[in-house]
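The next block holds one structure in the form of structure tokens; read it before the comments.
Each value in this text was obtained by applying a stated rule to the coordinates, not by laboratory testing. Since we're looking at a predicted model, the values are computed, not measured. Every residue, glycine among them, receives a Cβ derived from its backbone with ideal geometry; neighbour counts consider all protein chains shown.
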């Protein structure tokens with residue numbers, strides 16, 4: 001197998017429902033439903049359904065890591081399940097329907113654990129996340145009639161997904177974020193939307209605030225929350241606005257970013273989790289930090305307009 005062709009495994013309750021959204025991802029070359037984690041060799045569907053084999057219903061994913069990262073697949077997986085359900089998934093009850101991310105190596109384990117932490121922080125569920133992160137075991141493909149069931153029997157598949165409660169849950173829990181994104185598309189410029197909602201990065205040395213040296217406050221482009229002060233801005237020669245610290249530590253949150261084949265620390269707005277930029281350990285301040293922020297993520301409020309814009313109390317922070 002080529003180095004860029006990799007495997008992933010997920011348990012999301014009924015494998016019929018987890019297969020379609022992951023199969024649709026660019027870079028995913030195959031998704032096979034099956035069983036894993038139990039003590040029975042070559043189990044049948046009927047055996048697994050008894051809940052006595054120790055197996056989970058899973059999907060085995062093959063993907064091209066040059067096209068799609070493991071973290072991107074994990075993010076899509078979360079949005080197909082109720083991660084707080086300890087006894088199964090929706091209408092399907094029993095240990096065979098429990099959820100899990102089954103990792104193949106330490107890199108996948110780290111990404112999965114970080115993703116689980118981020119999901120818990122961002123969505124603030126009423127109950128703890130019960131989805132396990134465990135080492136992948138031997139995979140046994142399911143019977144042929146289960147493969148791409150959503151294509152072979154679309155009417156029954158859609159009726160089952162609806163009746164089980166999965167469709168309603170996905171819309172209520174995960175789609176509400178997508179709905180709010182549509183309203184943001186109308187409010188933001190294309191670049192602002194790509195940066196804040198899709199974690200894009202604007203061009204260096206060709207953005208609005210990288211050379212700005214006036215006194216003022218940098219606020220979140222969406223929420224208006226104060227983020228950075230001109231007092232803490234410095235020329236880092238990187239081509240983006242750089243700051244030694246935020247105006248308030250609680251204004252931003254940090255998460256591990258595994259995109260582009262390297263590990264970085266991403267900075268997001270605490271209030272709505274919009275992407276701001278990254279933080280690095282090469283700054284000139286007492287903490288040695290450099291907050292490298294996209295101009296498209298922020299709006300600059302000059303000192304002369306702070307009172308008019310409702311930020312008078314930040315005058316002494318400039």
In which sequence would 59, 32 go, from the one with the fewest C-beta neighbours within 10 Å to the one with the most? 32, 59
Here the residues of the range 295-317 lying in the modelled label zone of residue 215, meaning backbone nitrogen under 13 Å from a point 7 Å along Cα-to-Cβ, are 302-307, 314-317
Could you give me the percent of Cα pairs per 10 Å distance bin for the range 202-317, shortest bin first, beginning at zero and ending with the bin that holds the maximum distance? 14, 48, 32, 4, 0
Could you grab the Rg to Rh ratio for the range 1-96? Cα atoms only, Kirkwood for Rh. 0.99
Place a point 7 Å from the Cα of residue 307 in the direction of its beta carbon; the residues of the range 204-241 whose amide N falls under 17 Å from it are 216-217
If R0 is 25 Å, what FRET efficiency do you get for residue 198 and residue 281 from their C-beta distance, rounded to 0.05? 0.45
Got the relative contact order for the chain handy, in percent, Cα pairs under 8 Å and 6 or more residues apart? 15 percent
Relative contact order for the range 202-317, counting Cα pairs under 8 Å that sit 6 or more residues apart, in percent: 27 percent
Note down the nm distance, to one decimal, between modelled labels 7 Å out along Cα→Cβ at residue 47 and at residue 248. 5.9 nm
Just the ratio, please: alpha-carbon radius of gyration of the chain over 2.2 N^0.38 Å, N its number of residues. 1.17
Take every Cα-Cα distance within the range 5-173, group them into 10 Å bins from 0 onward, and report for each bin the whole-number percent of pairs it holds. 10, 41, 39, 10, 0
Once the Cα atoms of helix 154-164 and of the chain are each reduced to a long axis, what angle between those two axes, in degrees from 0 to 90 to the nearest 10, is obtained? 70 degrees
How many nm separate the modelled label positions at residue 138 and residue 62, each set 7 Å beyond the Cα in the direction of the Cβ? 2.0 nm
Residues 148, 156 arranged by fewest to most Cβ contacts within 10 Å: 156, 148
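What's the FRET efficiency of residue 79 with residue 121 using the Cβ-Cβ distance as r and R₀ = 22 Å, to the nearest 0.05? Display every interim value, and only then the final one.
On the way: r = 16 Å, r/R0 = 0.72.
For R0 = 22 Å, the calculated efficiency reads 0.90.
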